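Working notes, beginning with the structure itself.
The values are calculated or read from the model by the stated rules, or taken from the named source; none is laboratory data. Given the structure is predicted, the values throughout are model-derived calculations rather than measurements. Counting neighbours? That spans all protein chains shown, and the Cβs are built from the backbone with ideal geometry, glycine included. With ligands, DNA and RNA removed, areas are computed over all heavy atoms of the protein, side chains included. Shrake-Rupley method; radii C 1.70, N 1.55, O 1.52, S 1.80 Å.
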Amino acid sequence: MKISLNWLKTFIDIDKTPEILEQILTGTGLEIEHYETVDSVKGGMKGLIVGHVIECVKHPNADKLNLTKVDTGSGTLLNIVCGAPNVAAGQKVIVAPVGTTVHPIKGEPFTIQKAKIRGEASEGMLCAEDEIGLGESHAGLLILPDSLAIGSSVAEYFKVSSDIVFEIGLTANRGDAASHLGVARELATVLNIATKKPAFTQKSETSHPDIKITINDTVACPRYSGVVIKGITVKDSPEWLQQRLRAIGLNSINNIVDATNFILHDLGQPLHAFDLEKIKGKQIIVKQANAGSKFTTLDGKEHTLKGHELMITNAEDEMCMAGVYGGINSGVSTTTTDIFLESAYFSADVVRKGAKTHGISTDSSFRFERGTDPEMTLTALERAVQLIVEIAGGSISHHYIDVYPTPLKPFSVVLRKASIEKNLGIQIPDATVEKILKGLEIKIVSTDSNGWQLEVPLFKSDVSREIDVIEELIRIHGFNHVPLNQHLRTSLNYKAESNERLIENKAGTLLQGMGFTEIMTNSLSSDKHYTDKTQLVYISNPLSTEMNVMRQTMLHSGLEAIAYNKNRRQHNTHFYEFGKSYRQSNGQFKEIEELVVFASGNKAAESWEVKSEKADYYFLKSAVNRLCSAFGGQTGVATIHAVDGEVLKAFDIKDDVYFAVIQWKELCKQAASLKFELQPLPQFPVVRRDLSLVLDKSIAFKSIQTEINKLRLKNLTGVNVFDVYEGKPLADDKKSISISFDLYDHEKTMADKEIDAIMQKLIQQFETSLNAVIRK
């Protein structure tokens with residue numbers, strides 16, 4: 001949202017620098033993303049001065065050029081080559097001396113340099129209006145009045161003005177600040193100065209005109225106001241109004257549309273002007289849309305209505321999507337002479353739903369979605385009528401119409417002094433509290449020793465509780481008034497809870513330590529990737545066929561990232577991503593949270609220290625096992641695949657790719673149940689014993705672990721395979737596995753007798769269950 005400093009000054013007298021205003025507004029929660037200087041004429045005509053042409057002769061080497069000597073008041077005449085057909089001695093003209101940057105209407109700005117043109121020196125430029133951003137004409141030089149002083153500023157003559165425009169990142173809860181009036185209120189409260197409210201000559205009286213208004217949905221539209229203005233002339237807006245709108249990035253349309261845009265940004269109340277002749281039956285009806293009906297907006301786009309939209313209709317047709325966009329057949333045109341001007345209060349959620357459904361975002365919907373002021377409808381009409389009559393002529397045909405069947409009431413809040421101190425940790429003087437409340441237009445109904453009874457105005461739609469008012473106080477009072485305590489006190493929570501965000505951070509850190517890089521890919525995919533399309537979740541209005549479904553697997557988006565990197569010679573693509581896959585069955589939609597890991601290329605970057613090895617299934621399995629073990633995920637949470645060659649071919653990937661899917665919710669559940677225990681450092685020596693087992697080749701180490709676990713040996717603290725041998729003198733169907741066993745007792749040094757007893761149990765178990773032979 002853009003706010004003009006010059007515009008703000010119509011509400012408050014302020015002389016603070018932009019830097020200070022940035023600090024103040026950001027401190028109140030209206031974060032200034034940036035600010036810039038905006039000139040009424042591009043470039044501000046900086047450096048351009050009035051010159052007097054003393055001499056003008058033909059260029060000796062060019063038929064269409066002239067040599068001029070120009071007096072700019074410096075005491076030395078400037079030699080300037082000029083190609084304008086109307087240049088002549090005795091003229092007062094606009095001069096851009098060497099070093100001046102000019103800003104043409106078309107093209108990029110450029111700086112005037114000393115030059116030789118066809119062999120003759122030129123020390124500046126004589127300017128046409130399009131060359132300095134003043135107009136479109138390039139027919140010749142812009143000739144100035146003889147009365148102007150030589151060397152005087154051209155910007156002063158044309159009354160060029162500069163403005164500072166702030167870009168505010170307005171949050172969704174700050175509808176009260178979505179206007180110059182709202183921002184001025186914030187500044188005035190912080191600086192303890194008064195705001196200037198505009199004076200109106202029109203009075204908001206009501207009567208019964210020939211337009212009938214009916215509200216069928218008073219929840220979505222509690223209040224609807226309007227007025228008929230007849231005898232207007234639609235034309236260009238005056239320069240001051242165009243300049244106001246240009247400063248905040250709006251193009252001028254015509255005086256009626258510009259007036260409604262001005263009120264919207266001035267007071268925060270959207271207005272809409274209907275051509276009175278196009279209101280059939282002289283009726284305005286506010287009601288829900290008819291599902292399936294077609295509605296064409298002002299931009300010429302046709303929309304199929306869903307039925308939840310709030311529409312403004314006449315006796316026969318829909319004219320406007322309330323709070324969002326006007327219809328193409330009811331707007332103001334150059335032939336319009338009579339208008340009906342709407343000023344209403346629409347429910348924020350209804351406007352937002354309608355705007356998002358149809359992908360429409362307007363300045364009007366931006367305000368309504370954040371909450372406007374139901375008490376502003378008539379005030380905005382009064383201001384608009386005064387402006388329109390001033391710039392477009394005409395007069396109001398009837399008094400103001402105001403349909404407000406059940407007036408909304410301000411929020412009633414009790415503010416306790418004890419609550420302020422409890423929540424903020426500081427005491428704010430009563431006088432300061434009351435000053436802030438007054439500045440924010442929060443009415444103090446009564447006061448006592450414990451606090452205040454308040455009425456919060458409806459334009460502060462997010463301030464309905466005591467804690468909300470306290471937030472308002474500290475916003476304005478300033479967080480810098482809250483001291484930092486030297487002692488930090490906190491309480492420990494011993495309850496074991498699953499913090500998925502914390503687990504995600506730890507998992508990401510672990511994967512990064514193993515050489516994987518996090519990626520973020522699009523959840524939208526193409527149905528061409530899937531042969532079975534029965535479970536796909538299709539998009540209602542896809543942007544393209546490449547993004548017409550929600551992804552059923554995160555494989556394809558990951559392969560796109562791998563292909564993108566490999567095409568840029570980044571071949572070792574080890575990626576991971578936290579995300580969701582989507583599917584549907586029998587009309588039921590399902591989201592599945594997953595962590596996916598990809599491995600392709602070499603295991604590590606090329607180095608003289610380490611031989612390059614291709615990443616394979618076991619490389620990825622090792623990484624996934626480490627990850628799952630760190631969070632207690634032993635079984636059933638991960639699957640690992642080698643991506644099919646045909647799939648890789650579709651993505652033009654020539655290297656093998658391995659892909660692991662980890663069911664994230666299941667891993668988090670196991671992580672939550674994982675017990676954390678602290679153990680003292682070993683006080684006694686750890687004993688190691690080794691065994692070499694001759695087994696059938698078909699027996700995996702996992703079977704050996706199973707047999708060890710059956711014995712439940714409390715003193716066995718570690719098992720490790722350190723050698724596997726196949727070959728002579730062993731039989732062809734046999735192998736030898738060498739295993740080390742770590743034994744430890746927390747209470748004493750283990751004796752040989754105890755150690756031998758444990759080893760004998762292990763040997764007996766291996767011989768009995770695995771038919772093992774112990775190599776001596």
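Ranking THR68, LEU144, HIS308 by how far each Cα lies toward the positive end of the dipole of the chain (charges on Cβ) leaves HIS308 at the top. Relative contact order for the stretch 239-285: 23 percent, from Cα pairs under 8 Å spaced at least 6 residues apart, divided by residue count.
Please give the calculated 222 nm ellipticity per residue for the chain, where each DSSP H segment of at least 4 residues contributes -39500 (n - 2.57) and the sum is spread over every residue; nearest 500 deg cm²/dmol?
On the way: 19 runs with 202 residues, N = 776.
For the chain, the value works out to -8000 deg cm²/dmol.
Restricting the chymotrypsin sites (Phe, Trp or Tyr not before Pro) of the stretch 482-584 to loop positions (DSSP other than H, G, I, E, B) with no more than 15 neighbouring Cβ atoms within 10 Å leaves TYR494.
Considering only protein heavy atoms and a 1.4 Å probe, what is the carbon-and-sulfur percentage of the accessible area of the stretch 540-646? The C+S portion of the solvent-accessible surface of the stretch 540-646 is 47 percent. Taken as entire DSSP H runs, the helices of the chain that both span 15 Å or more between Cα atoms along their own long axis and average -1.0 or more on the Kyte-Doolittle scale are 180-191, 255-267, 377-392, 466-477, 500-513, 555-566, 617-630, 701-711, 752-770. The H on the amide N of ALA128, modeled in the peptide plane, is under 5 Å from the matching H of LEU142, each at least 5 residues off or on a different chain. The calculated FRET efficiency for the pair GLU726 and THR768, based on their C-beta separation and a Förster distance of 35 Å, comes to about 0.90.
Note on the stretch 63-109: Cα-Cα pairs beyond 18 Å make up 40% of the total pair count. Of ILE112, LEU264, TYR564, whose Cα points farthest to the positive end of the dipole of the chain (charges on the beta-carbon: +1 Lys, Arg; -1 Asp, Glu; origin at the Cα centre)? Checked the options; the winner is TYR564.
Could you work out the relative contact order of the stretch 399-499? I mean the mean sequence separation of Cα pairs under 8 Å and 6+ apart, divided by the number of residues, in percent. Kindly include the intermediate steps, with their values, before the conclusion.
Values: 87 pairs, mean separation 30.1, N = 101.
Once divided by the residue count of the stretch 399-499, the mean separation gives 30 percent.
If you take the square roots of the eigenvalues of the alpha-carbon gyration tensor of the stretch 267-329 and sort them as a ≥ b ≥ c, do you get rounded (a/c under 1.5), prolate (a/b over b/c) or oblate? Rounded, since a/c falls under 1.5.
Taking only the C-alpha atoms of the stretch 110-204, the Rg (one decimal) and the largest Cα-Cα distance, Dmax (whole number), read 23.5, 72 Å. Rounded to the nearest 20, the size of the Cβ-charge dipole of the chain about its Cα centre is 1660 debye, with Lys and Arg at +1 and Asp and Glu at -1.
Can you compute the equivalent ellipsoid semi-axes for the stretch 1-143, i.e. the square root of 5 times each eigenvalue of the Cα gyration tensor, sorted largest first and rounded to whole Å?
Values: eigenvalues 342, 41, 37 Å².
The answer is 41, 14, 14 Å, longest axis first.
Cross-link partners of LYS116 among lysines, defined as those whose alpha carbon lies under 20 angstrom from its own and excluding same-chain residues fewer than eight positions apart: LYS58, LYS64, LYS69. Sorted largest first, the spans of the alpha carbon positions of the chain along the three principal axes are 118, 84, 62 Å.
Using a probe of 1.4 angstrom and keeping all protein chains present, the accessible surface of the chain works out to 53 square angstrom per residue. Look at the Cα gyration tensor of the stretch 275-383: its axes a ≥ b ≥ c give a/c of at least 1.5 with a/b at or below b/c, and that counts as oblate.
Which of LYS197/LYS435; LYS230/LYS278; LYS282/LYS353; LYS2/LYS353; LYS566/LYS603; LYS353/LYS665 have a Cα-Cα distance over 22 Å?
Working: LYS197/LYS435 19 Å; LYS230/LYS278 14 Å; LYS282/LYS353 29 Å; LYS2/LYS353 24 Å; LYS566/LYS603 15 Å; LYS353/LYS665 31 Å.
In this structure, LYS282/LYS353; LYS2/LYS353; LYS353/LYS665 lie more than 22 Å apart at Cα.
Let me check against my output: what whole-number percent is the relative contact order of the chain, with C-alpha pairs under 8 Å and at least 6 apart? Let's see the in-between values first.
Details: 1455 pairs, mean separation 67.2, N = 776.
Over the chain, the number comes to 9 percent.
Please label the shape of the stretch 476-626 as rounded, prolate or oblate, based on the square roots a ≥ b ≥ c of the eigenvalues of the alpha-carbon gyration tensor (a/c under 1.5 means rounded; beyond that, a/b larger than b/c means prolate, else oblate). Oblate, since a/c reaches 1.5 and b/c is not below a/b.
When the convex hull of the Cα atoms of the stretch 223-352 is projected onto a plane and the area is averaged over all directions, what value comes out in nm²? Each step should come with its number before you reach the end.
Working: hull surface 32.4 nm².
Spelled out: convex hull of the Cα atoms, projected over all directions, averaged, 8.1 nm².
Residues whose amide H lies under 5 Å from that of ASP745, counting only those 5 or more places away or on a different chain, are MET750; hydrogens are built 1.01 Å from N in the peptide plane.
For the stretch 494-591, what is the charge dipole size about the Cα centre, in debye to the nearest 20, if Lys and Arg each add +1 at the Cβ and Asp and Glu each add -1 at the Cβ?
Details: 12 positive and 10 negative charges, 28 e Å.
Dipole about the Cα centre, nearest 20: 140 debye.
Across all C-alpha atoms in the stretch 570-633, the radius of gyration and Dmax reach 16.5, 57 Å. The alpha carbons of the stretch 517-605 give a radius of gyration and a Dmax of 14.4, 48 Å, in that order.
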